[in-house]
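The values are calculated or read from the model by the stated rules, or taken from the named source; none is laboratory data. Bear in mind the structure is a predicted one, so any value in this text is a computation, not a measurement. FYI the Cβ positions are ideal-geometry reconstructions off the backbone, even for glycines, and counts take in every protein chain you see.
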Amino acid sequence: MAYRILPGELVQEGIQRIAREQIDKAIDELDDDEVGRHETVHQVRKRCKKIRGLIRLVRPKFEATYKRENAWYRDAARPLSYVRDAQALVETFDDLTEHFQDQIDEREIAEVRRELTDRRRRIAEDEVGLRERLDEFRELLLEGRERVAAWRVKDDEFDAVEGGLRKTYARGRMTMRKAFEDPQTESFHEWRKRTKYHWYHMRLLRLTWEGPQKARRDAADLLSDLLGDDHDLSILRRTLLERPDNFGEERTIQSLIGLINQRQVELRTQARTLGARIYAEKEKHYCRRQRIYWKAWRRETDVRPKARHAPELVTA
């Protein structure tokens, strides 16, 4: 099944089902020897992010469990981040040089790319260390799957998701404003994280009205990509400046830094226009409209679930 709440499905049941599906898919990816390790790391880290986005949707009705599980999936995936970071640097460099191909002498930048690919290769050669980390991660996923049965979401229907939906959307608006008031790397990165969560929520609620929700989902996905590219460029700049002697002549490095700065201006300009549309409404108006979509969807499917009482989970 897909990453969405289904007609006739209690919110708690949907959250549990989706979490199990994401964990099972991650385990399948870890067990697939035909997929390269770098791609496996990329995919399973995405599964953890999707689970975190999932439980954030019901956070106010799931608070104690949310705090534990959110931190747990974040920390479980963190030891794998260095693998993805090395790959992302090469991809970011290639995207940058392709974008400015008419302004770049490929011979001058060859040494820079060689150093970046050497870093990626050194990580890839640590096959034993990476395999051990992936095996440990697999055990953590199995442990996490066992806990899903005990998850309890207070309330049901739209009341169960409204608080998380509102909070994530409001934070997206706030971080967008702060990013342009204080245009630092971390400001834009924080905006990107909030937008990514909003994208997850639109995927989870896509069936409430597929046309409009798809348009918003696609826009949030594009905005997240723009901000993600911006952040990757910041990491590339920092990498080049930390040890510039490793990457060749100073003139070449400074030229690349100038192109990074120029590309970030372009990306942030696009992000501002798109963000203004996505976050145009105040959160109370946005949630009111989403509630109307939800109620109409439940009436349309004519399978409004009856509330079933589950024992309250006591957490320390």
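Key figures for this structure:
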quantity	calculated
Failed item, numbered, when A86 is tested on (1) more than 24 Å from D75 (Cα to Cα); (2) in contact with a helix residue (DSSP H, G or I) (Cβ under 9 Å, 6 or more places away or on another chain)	(1)
Filtered residues of the stretch 100-110 (kept if surrounded by 15 or more Cβ atoms within 10 Å (Cβ to Cβ) and in a helix (DSSP H, G or I))	I109
Failed condition for E162, given (1) exposed (fewer than 15 other Cβ atoms within 10 Å of the Cβ); (2) among the charged types (D, E, K, R); (3) in contact with a helix residue (DSSP H, G or I) (Cβ under 7 Å, 6 or more places away or on another chain)	(1)
Sole exception among (1) surrounded by 12 or more Cβ atoms within 10 Å (Cβ to Cβ); (2) more than 28 Å from W191 (Cα to Cα); (3) modelled with pLDDT of 90 or more for A149, by number	(1)
Test: E266 is over 30 Å from R68 (Cα atoms), of a type in the set (D, E), in a helix (DSSP H, G or I) and at pLDDT below 95	no
Near pairs, Cβ below 7 angstrom, 6+ apart or cross-chain, from the stretch 110-137 (under 15 Å from T92 (Cα atoms)) to any residue that is of a type in the set (S, T, Y) and at pLDDT 80 or above	V112/T252
Every residue from the stretch 202-225 that is within 30 Å of I260 (Cβ to Cβ), of a type in the set (A, V, I, L, M) and surrounded by fewer than 21 Cβ atoms within 10 Å (Cβ to Cβ)	A219, L222
Set K154, K178, K167, K193: member being assigned to a helix (DSSP H, G or I), in contact (Cβ under 8 Å) with a residue 60 or more places away in the chain and out of contact with any Cys (no Cβ under 7 Å at 6 or more places or on another chain)	K167
Any pair with Cβ under 9 angstrom, 6 or more apart, that starts in the stretch 252-272 at a residue that is over 17 Å from T185 (Cβ atoms) and ends at one that is of a type in the set (D, E) and assigned to a helix (DSSP H, G or I)	T252/E108; T252/E111; S255/E108
Filtered residue count, the stretch 240-257, keeping only those that are under 18 Å from R107 (Cα atoms) and under 32 Å from the mean Cα position of the chain (by Cα)	9
Test result for R120, under 30 Å from L267 (Cα atoms) and buried (at least 20 other Cβ atoms within 10 Å of the Cβ)	no
